[in-house]
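Peer 1: The following block contains the structure, expressed as structure tokens.
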Amino acid sequence: MTKKIILDCDPGHDDAVAIMLAAASNNIEILGITCVGGNSTLENTQLNALKICTLINRTDIKIYAGSNKPINYDLVTAAHVHGKSGLDTDGDPIIVDSSYKIQEENAVDFIINECHKYIDPIYLCPTGPLTNIALSLQKDPSIKEKIKEIVFMGGAALCIGNITPSAEFNIYVDPHAANIVLKSGIPITMMGLDVTHKVNVNDEIIKNIKKNNNKSSKFFAELMNFYSRFHRQLYEIDESPLHDPCVIAYLIDETIFKGKLVNVQVEENSELTRGKTVVDWLGVTNRQPNCKVITEANANKFFDLLSNELSKLT
Ligand code: BDR
Ligand code: CA
């Protein structure tokens, strides 16, 4: 059965790949894309979402603007990874038609209204800081029953962080939002650095996907060539973790991944460990499990899926 999703993102090169994968899949219906400040300012992330949907010829997808800053902290961006625009590449600029605009309805109201619109609960897929999702839950807690599952990219369970030694970027940016989501009681799946570092893109994979020879696969190659620069420098290997598409791949084919249902809480205020996902992997506390933490992935299956789906787009 097709899964109805709201993709809440901060594009972002890997967010762009998540959008493309979701747009291509017959198993997914995108109800809308909601944007949040994260990798870049909200102004940039919403413009980038318009650009991505323009490039893949899917201007039927409606895009909504959400929060421009985290609940309590000032916005921290990731220009060091995604460039000044949040979606820098060496390719041609993407020109968005003046008729393709951000919707007037705010992302938070859109999320709430969509949750109430359908009989069957829907999926929320955040691939940026969790601000929009947390604000929606705060504004209308009754949407909890209308959400089948929240599958988010963020956190680091058994591995080091990428923005500080203790924290992954999305959770670091808005740890208060992350805790609101984790305490909501909604079924939650966490695609953190543990698993995204098992889904690594390299030159060979980029070249093979480019061979699909359609516009979207060539765009994938442009995105990944830029995105790889930072990761090569940081990790000193020729591979880059492809974080955000893991969320969509999980919804398309759960069998690619493995994880464990455990308790996850987030450190909000410590100067040293702000944004750390404290994961009770061994069950040494009596805190109730609230999140399925994914740690394993079959990378070959993942990249076969991605390549096939991208080949279906423009
Ligand atoms: C996450 O941070 C962002 O830079 C990526 O888009 C991804 O969502 C990885 O830590
Ligand atoms: Ca992201």
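The values are calculated or read from the model by the stated rules, or taken from the named source; none is laboratory data. Just so we're clear, the structure is a prediction, and the values are computed from it rather than from any experiment. Positions of Cβ are backbone-derived with ideal geometry, glycine not excepted, and every protein chain shown enters the neighbour counts. Ligands, DNA and RNA are stripped out before the accessible areas are found, and what is left, the full protein with its side chains, is counted by its heavy atoms. Shrake-Rupley method; radii C 1.70, N 1.55, O 1.52, S 1.80 Å.
Peer 1: Please determine whether any residue of region 125-146 is part of a strand (DSSP E or B) and open to solvent by less than 10 Å² (accessible area, probe 1.4 Å).
Peer 2: Yes, some residue in region 125-146 is part of a strand (DSSP E or B) and open to solvent by less than 10 Å² (accessible area, probe 1.4 Å).
Peer 1: Same structure again: Just give me the residues in region 1-29 being open to solvent by 10 Å² or more (accessible area, probe 1.4 Å) and outside any helix (DSSP H, G or I), in sequence order.
Peer 2: If the condition is that a residue be open to solvent by 10 Å² or more (accessible area, probe 1.4 Å) and outside any helix (DSSP H, G or I), then 1, 2, 3, 4, 26, 27, 28, 29 are the ones that fit.
Peer 1: Limited to region 269-311, what total is found for residues that are closer than 18 Å to residue 220 by Cβ and open to solvent by less than 70 Å² (accessible area, probe 1.4 Å)?
Peer 2: Of the residues in that region, 9 qualify.
Peer 1: Sticking with this one: Those residues that are among the hydroxyl-bearing types (Ser, Thr, Tyr), under 16 Å from residue 261 (Cβ atoms) and not in a strand (DSSP E or B), I need them from region 155-211; list them, please.
Peer 2: Within region 155-211, 184 is the sole residue that qualifies.
Peer 1: Please determine, by comparing only the residues of region 103-124 that are in contact (Cβ under 8 Å) with a residue 60 or more places away in the chain and in a loop (DSSP other than H, G, I, E, B), which one is farthest from residue 51 (Cα to Cα).
Peer 2: 120
Peer 1: If you don't mind, another one. Restricting attention to region 292-300, does a residue exist that is out of contact with any Gly (no Cβ under 9 Å at 6 or more places or on another chain) and not in a helix (DSSP H, G or I)?
Peer 2: Yes: region 292-300 contains one or more residues that are out of contact with any Gly (no Cβ under 9 Å at 6 or more places or on another chain) and not in a helix (DSSP H, G or I).
Peer 1: Does any residue in region 210-228 that is in contact (Cβ under 8 Å) with a residue 60 or more places away in the chain come within less than 7 Å, Cβ to Cβ, of a residue that is small (Gly, Ala, Ser) six or more places away or on a different chain, and which pairs are these?
Peer 2: Taking only residues 6 or more apart or on different chains, the pairs are 212/307; 212/311; 214/311; 217/311; 222/91; 223/16; 226/83; 227/240.
Peer 1: Restricting the search to region 34-43, which residues are surrounded by 24 or more Cβ atoms within 10 Å (Cβ to Cβ) and away from ligand 2 (no atom under 12 Å from the Cβ)?
Peer 2: Scanning region 34-43 gives a single hit, 34.
Peer 1: Further question: Of all the residues that make up region 173-207, how many are in contact with a helix residue (DSSP H, G or I) (Cβ under 9 Å, 6 or more places away or on another chain) and within 13 Å of ligand 2 (Cβ to nearest atom)?
Peer 2: 5
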